[in-house]
Every structure is written in structure tokens, then in C-alpha cells.
Amino acid sequence: MRFRSAILLVALFAAITPALSNAQSSDASQGASRRGVLALLPSDSVTEHQLTIGDKTIAYTATAGTLDLFGQDGVQTGSIFYTAYVKKDGGPDRPLTFAFNGGPGAASAFLHLGLVGPRILDFGPKGDDGANARLVDNPQSWLDFTDLVLIDPIGTGWSRTAKADDASKYYSVNSDAESVAKAIALYVAHNNRSASPKYLLGESYGGFRAAKVAGALKDSQGIIVSGAIMLSPLLEGQLMFNADQFALGAALELPSLAAAEMDRRNAFDDAKQREAERFALGDYLTTLAGAPPSGETAKAFYAKVAGMTGIPQDVVEKNRGFLGNAYRKTTDGQDDRVASPYDAAFTTPDPYPESAYERGDDAILDGFTRAYGGAFADYARNELGFKTEMTYSLLDSDVNRQWEWGGRGGGSRLQASVTDDMREMLASNPAFHLLIAHGYSDLVTPYGVSRYVIDHLPPALVDGRVALNVYRGGHMFYTRAEQRAAFTADAKAFYGVRPPTSPAD
């Protein structure tokens, strides 16, 4: 009997050894896929929260985690970090919005803690104190009307490739769009959200990305989006990046300079802004497009441009009306201050007053808004439970420098364009609606460019489906609490039954 029992034990051990071996092999394989920097990424963290908006309390689940990307050989190539906020008992058909920033090279913390998330970074009473910024509940969180998934593309936030040398493979218009589309498809599949109306929200280059991702989702993943919101978007590079050389680009930029001048004097006036827009595409455009004016005609023209923009008349005349970056150090003749292209109404002390050209960091992009990075890393660790020793990359200039603009949009940022993408999405998808939002005094992506693009789309595609809304402020106008509230109200209407409408001219 003992002999037979021994045989049974040996047989049992032999039977379970392969299973143990396979399990160990699987664990080893999974560990191997997370070698290098990816080994610093923890498991997904799921936490429960509540948020009060108005007179209602929203219970929601927050997930901070990663979506893994694999090559054709089944080997992991990278991980994309995301944060999802889902309302409890919201139902599988509740709207679902995927949001990302731009750069290229920017993480989603800007939109996350600046606009849509349940927590927001308060920069103090003047809205520019990054050193003492603090997280507070967001009374205008978009969680009120849509579930949210904020995505950090490869090279931003905590999204990385398995091999450092492979990161540049994602730094192009098309590969970036495909990887973000893949991440969206993975989230939809993992969370059974195929029935949800899907929306895209992108800021700056993220607006450009939204158009490309919408196409990639349709073509590669079989997912049709219901709409997109482009915030301060890049739409046409040739109209944006040559404003100091070509008449049309300069004319589309001029209204933003006029708005900034009025904002600096706390004298913004809608009627005067409309007048500036008419002048820009009228006498200003035709004068710049022709031979330089002379005599009294020249004096009157340059005086009008100077009065409208706050740039000294001699500077306007020296530049023949092409203002380019002239406003940066000459606005209102304040030699000791410098303006930011991200909001030309925002001026700070000039660190190099002896220089004829602006130097140093931008007061907005490199100033107080950098606090979004540290604030999000702390928030993710202490409130969302995502604890990693990896550095959170808010804005990576190396990604921007390495970016390849080739493909359908052209070979450089000057040829970057999503006009065709917008036309085809509107034509092929009757459910698709588009809301474009800008700040008046943004000189990085002037609202005049988007208006020009919309005005030149086929009317049959635009009517009732495309809107341009403009708000006080600059590229990140949502850092102004009252403008954030106004934009959120417009976005809420966009998600409703009613189509978006443009403000009356």
C-alpha cells in the first residue's frame, strides 16, 4: 500500500510540474515585457470618489492605468498612460470623451487639471501663481455630462516605449494618430463601451491630432466618432507660421492683436473687435498685398494699425505693417515688459531689456502652467493611487524637435493641414459635429485662421454642424474661471440634442 501511495504521489507531482512551469514561464514572460523603464509602471489603480456640481452629487470611479501596445510578433512595444472618470450608474450609452493635449510633446495634464477633470489647479486670485497653486474641486467638470478618458501619447506623461530607441517611431503625424486610435479602441473593448457616443477633445496640436485620430479610428479600428471639440487648434500651418511674410497670414492674426490691446486696457468691446476683423480682411489685407503705401496714405494706414494694436507707429511702419513678433517687446511702448504669444494681453517683466529681441522662457508656457506637471504627479499618487518612480513628462521639447510632419499633411509644419480630413469626416459621417474654440488674444493659433478655414468649407457640410466660439483670453483661456465656465456651458450644449451655434457677428 505504501509503495502504491508513493507511485501516486510521484504521478501527481509529475502532473502539476508542467503547470507550475507554464505559470512561471508566463510570469517571466510578462516580467520581460515590462523590462527597462516600463517596469516602473504599477498596475492600474481604481478608486471611488464624489463630486458636487451645482445642486447634485456625482459618484464616479477613477482609473489611473496603462494600455499596452504590442508589435506583430506579440512583443510589447510600449504603454500609454490614461486616466478615466466614469459616472456610477451612468449606463453603457453615456457619452464618452477621449481628451489629449498637443505640443507635439504635451501631456494631458493641461486639459485634465485645467478644464475637464473633477479636480482643477487654482493659480490664485490673479490666475498666474504657479508656486502657490492648489488643487480644488472643479465646479465645471465635464464629468457632469460625459465620461472622460484622458490620454498621454507616447513620450508624454508616463507613456513610454519598451526600448528607448523606439520612441521616435511614434513621433510623426500618422504613427501618433494610429497609436492613440489603438489606445482608444483598447479602452472601448476592455470596458464594454461600444454603445457609447464617442467624442474627441484636443488642444492646440491636439486639435490637429483629433482630426487625424478620427480618421484612424474609422479606417483602422472601425469606430465612428460622434463629434470633436478642437480647442485652440492648429488647422492650417501655411496660414499660421508665415504671418510675418504673407499678407493673408498677417491679416488673420491682426484681430488677435487688436483684442489683446483692448484686454490690456480692460476695454474689450465686441463691436470694436468686429470692426478689427473687417479691417483685417479689407484695407489691411489689400494694403499689405500690394506695393507699400506712401505719403499721407501711409501715415494714416500705419497710424490706424498702431492705434488698434498698441504697437508704436514707427515700429509698424518699419515692418511695413507685417507685425509678426513685433508686439512681443514693443506693445504700448513698455520697454521693461514682454508679451506672451500664448496670450498677447499677458505681459511680464522683461528679463533682457537690453536686447532688441525677446529672450528667455515664455511667461505662460514655461511659467505658471508648468505647475500642472508636479500637481498631476502628486494627485495621481495621493488621490488616484497610481504610485510610480517614473518622472511625469508634462512638456517634452525633444519630442517636438524630432516630430515628423510628413504624410498626408505635408513634409513640414508649414504644410500641416487637416482641412481635407475635416471635409471628409463631415461628408462621410452625417452624425459628426465639430466645435472649435479659441481665445481672442492667442497669437500661437489665432482664431482668424480657424474662421477662414470654416468659411471656406462647403456650406452644406457646415450648416448646423460646425461652430466657432471665441472667448476672452489666450491659448489656454480656460485658466480664467469665468471663461472656463462659459466654455463648459457651450460644451454641455454641444453634447445635447441641440446642435452648436456660433455667436452672432
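Every read-out reported here was derived from the displayed coordinates using simple, explicitly stated rules and does not represent laboratory data. None of these values were measured; they are calculated from a predicted model. Neighbour counts are summed over all protein chains in view; Cβ atoms, including those assigned to glycine, are modelled from backbone coordinates with ideal geometry.
Values as computed for the structure displayed
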read-out: Charge dipole (the chain, unit charges on Cβ, about Cα centre) - positive-most of Phe123, Leu248, Gly290; value: Phe123
read-out: Arg274-Asp366 FRET efficiency (beta carbon distance; Förster radius 30 Å; 0.05 resolution); value: 0.35
read-out: Dimensionless Rg ratio for segment 316-395, taking C-alpha atoms and the 2.2 N^0.38 Å reference; value: 1.55
read-out: Length added when fully stretched, Gln313-Phe246, from 0.36 nm per residue minus Cα-Cα; value: 22.1 nm
read-out: Flagged links, alpha-carbon separation over 29 Å, of Lys126/Lys387; Lys272/Lys318; Lys87/Lys218; Lys163/Lys387; value: Lys126/Lys387
read-out: Radius ratio Rg over Rh of the chain, counting only Cα atoms, Kirkwood formula for Rh; value: 1.05
read-out: Alpha-carbon Debye profile of segment 131-232, log10 I(q)/I(0) at 0.14, 0.18, 0.22, 0.25 Å⁻¹; value: -0.62, -0.96, -1.27, -1.45
read-out: Charged-residue dipole, Cβ positions (Lys, Arg, Asp, Glu), segment 136-220 about Cα centre, Debye nearest 20; value: 300
read-out: FRET efficiency, Lys126 to Ala489 (Cβ-Cβ, R0 30 Å, nearest 0.05); value: 0.80
read-out: Pair Arg423, Asn191: separation of 7 Å Cα→Cβ label points (nm); value: 3.5
read-out: Rounded to 5, the percent of DSSP beta bridges in the chain classed as antiparallel; value: 60
read-out: Chain lengthening between Asn266 and Arg381 when straightened (0.36 nm per residue, less Cα-Cα); value: 37.3 nm
read-out: Cα long-axis angle, helix 270-279 against the chain (0 to 90 degrees, to the nearest 10); value: 80
read-out: Zone of Lys304's modelled label, taken as backbone nitrogen in segment 267-289 under 14 Å from a point 7 Å along Cα→Cβ; value: 275-289
read-out: Convex hull of Cα atoms in segment 193-268, direction-averaged projection (nm²); value: 7.2
read-out: Computed magnitude of the charge dipole of segment 244-349 (debye, nearest 20; Cβ of K, R +1, Cβ of D, E -1); value: 120
read-out: Helix-only mean residue ellipticity at 222 nm for the chain, each DSSP H run of n ≥ 4 adding -39500 (n - 2.57), per residue, nearest 500; value: -11000 deg cm²/dmol
read-out: Tail weight of P(r) past 16 Å, computed on alpha-carbon pairs of segment 109-148, percent; value: 33
read-out: Segment 350-505 pair-distance distribution - Cα-Cα, 10 Å bins, rounded %; value: 8, 24, 32, 27, 8, 1
read-out: For the chain: relative contact order, % (alpha-carbon pairs under 8 angstrom, 6 or more apart); value: 17
read-out: Distance between modelled label sites at Glu296 and Asp68, nm, 7 Å Cα→Cβ extension; value: 7.9
read-out: Relative exposure of Trp403, Trp142, judged by other C-beta atoms within 10 Å (fewest first); value: Trp403, Trp142
read-out: Between 0 and 90°, nearest 10: helix 205-216 axis offset from the chain longest Cα axis; value: 50
read-out: Unit Cα scatterers, Debye sum, segment 221-358: log10 I(q)/I(0) for q = 0.09, 0.12, 0.16, 0.19 Å⁻¹; value: -0.30, -0.51, -0.85, -1.15
read-out: Spin-label model distance (nm) - Ser412 vs Asp89, 7 Å beyond Cα toward Cβ; value: 5.9
read-out: Total charge dipole magnitude, the chain, about the Cα centre, Cβ charges on Lys, Arg, Asp, Glu only, Debye to nearest 20; value: 1440
read-out: On Cα atoms only, tilt of 419-428 relative to the major axis of the chain in degrees; value: 60
read-out: Cα-based Rg and Dmax for segment 244-313, where Dmax is the largest Cα-Cα distance (Å); value: 11.9, 36
